[in-house]
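What follows is a single structure, written as structure tokens, with notes after it.
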Amino acid sequence: MAVRLVVVIVAAALGLAGCGASQNMMSPAGPGARLLAGLGVAAFVVFGATTLVVWVLIAIAAFRRRGTLAAHDPVDEGGGQGWILIGGALIPGVVLAVFFVLALVKMDNFPLHDGSVHEPEIRVIGHQWWWELHYPGQSPDAEIVTANELHIPVGQPVEIELESRDVIHSLWVPKLHGKVDLIPGWKNHLRLQADRPGVYEGQCAEFCGAEHARMRLLVVAQTPEDYGKWVAGQLRPAAPPADEVAERGRTVFETKACGLCHHVAGTQALGTVGPDLTHIGSRLRIGTNMFPNQRAYLGAWATHAQSLKPGVVMPNLTALSGIELNALIHFLEGLR
Ligand SMILES: [Cu+2]
């Protein structure tokens, strides 16, 4: 029994340690997360030491021999107030006050929002269970609309405005910064900055319904040059179908319900219920970053989204023929 317990505890510890690789807030990749990680280490050390002291005092109290009741005078009144005042009020008060001030100072060093606007400014809108992304740009025709994959330039703060269309969500990219909620009818702000190019995993961090755990976010941090190229690509409408099969795929997309929910710039597909798919072919993953963006997954998703992500707002669309499905996937892959 004891052995089994040890095995379970060790396995759980290893499991928890393992899940940190891509979402480890203790290995920060930007100034926001670095401040939080510093605060985390300080809190761990100070409160760890406090715990140790408390347990030592408890042990001393438990094992200290005081003779029997009969050998004692009546319980003396008024003893031990000093312990309570100093150990129970003064020391904790000072420690918590220091941490409070420390947290305020750190928040001030990399504020979530200070009223100023940095370019690029990005608007993130939470949906059950995906992320709608807008880059308003300088003019209405310079606006980029995309989903689930947030591109930012490295080495500079990026201003993000957060809101929700349904329930409360929370955006958390542990290696870049802390969590900030997306609340219906209310705008919150978050400032992200990444030191190095890379792909950083994020996750909805506020329970928002059945598929909450499958509401992931990828932050793709790029050199300013690569970021500029990405922006230029996103500003273009969908690539025209490269061949006859893609042409047929576009017709399927426009006529078989897909276009009611999805927008593909430059086609008849004008829906806004689901993610903008104008450049879906260039995204790394699908299903809000749950599955690789590959033929097999695209086909499975298009026909059986409910099996891949049960309860998702996209229905199963099994009425497609094999030829239609093949053309549809070919069309989606070409949307780069
Ligand atoms: Cu959620």
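Every number in this text was worked out from the coordinates using simple rules, so none of it is lab data. For clarity, every value in this text was computed on a predicted model and none was experimentally measured. When we count neighbours, we look across all protein chains shown, and the Cβ atoms used for this are built from the backbone with ideal geometry, even at glycine.
Quick rundown of the values:
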read-out: Cα centre as origin, Lys/Arg/Asp/Glu Cβ charges: region 144-244 dipole, Debye; value: 260 debye
read-out: Distance (nanometres) between label positions extended 7 Å along Cα→Cβ at Val167 and His304; value: 2.6 nm
read-out: Simple spin-label estimate for Asp108 and Phe207 in nanometres, 7 Å along Cα-Cβ; value: 3.8 nm
read-out: Over region 138-294, relative contact order from alpha-carbon pairs under 8 Å, at least 6 apart, %; value: 22 percent
read-out: Relative contact order (percent, whole number), region 35-160, Cα cutoff 8 Å, 6+ residue spacing; value: 18 percent
read-out: Of Ala305, Ala205, Ala49, the one that fluctuates the most in a GNM where the chain has Cα springs shorter than 10 Å; value: Ala49
read-out: Sequence of His189, His330 once ranked by neighbouring C-beta atoms within 10 Å, starting from the fewest; value: His189, His330
read-out: Cα gyration tensor of region 208-268 - equivalent ellipsoid semi-axes, whole Å, descending; value: 26, 23, 9
read-out: Summed residue charge, Cβ within 9 Å of Val145's Cβ, Lys/Arg positive, Asp/Glu negative; value: -3
read-out: DSSP bridge pairs, the chain: antiparallel proportion in percent, nearest 5; value: 70 percent
read-out: Phi-based couplings in Hz for region 173-187 (Karplus 6.51, -1.76, 1.60; Gly and Pro marked x); value: 10, x, 7, 10, 6, x, 8, 9, 6, 9, 10, x, x, 8, 9
read-out: Cα convex hull of region 222-336 - mean projected area over all directions, nm²; value: 7.1 nm²
read-out: Most fluctuating residue given options Arg283, Arg250, Arg295, as computed from a GNM of the chain linking Cα atoms under 10 Å; value: Arg295
read-out: Residue order, fewest to most surrounding Cβ atoms within 10 angstrom, among Thr267, Thr272, Thr68, Thr303; value: Thr68, Thr272, Thr303, Thr267
read-out: The chain: relative contact order in percent, alpha carbon pairs under 8 Å with at least 6 residues between; value: 15 percent
read-out: Helix-derived mean residue ellipticity, 222 nm - over the chain, DSSP H n ≥ 4, -39500 (n - 2.57), to 500; value: -12000 deg cm²/dmol
read-out: Potential extension, Thr50-Leu284 segment - 0.36 nm per residue separation minus Cα distance; value: 79.6 nm
read-out: Least to most buried among Leu102, Leu335, Leu192 (fewest other Cβ within 10 Å first); value: Leu102, Leu335, Leu192
read-out: Estimated D of region 161-306 in µm² per second, where Rh is the Kirkwood radius over Cα pairs and Stokes-Einstein applies at 37 °C, 0.692 mPa s; value: 190 µm²/s
read-out: Residue among Val105, Val158, Val54 with the largest mean-square fluctuation in a Gaussian network model of the chain, springs linking Cα atoms under 10 Å; value: Val54
read-out: Stokes-Einstein D in µm²/s, Kirkwood radius over Cα pairs - the chain at 10 °C with 1.306 mPa s viscosity; value: 67 µm²/s
read-out: Estimated Rh, region 63-189: Kirkwood, alpha-carbon pairs, angstrom; value: 19.4 Å
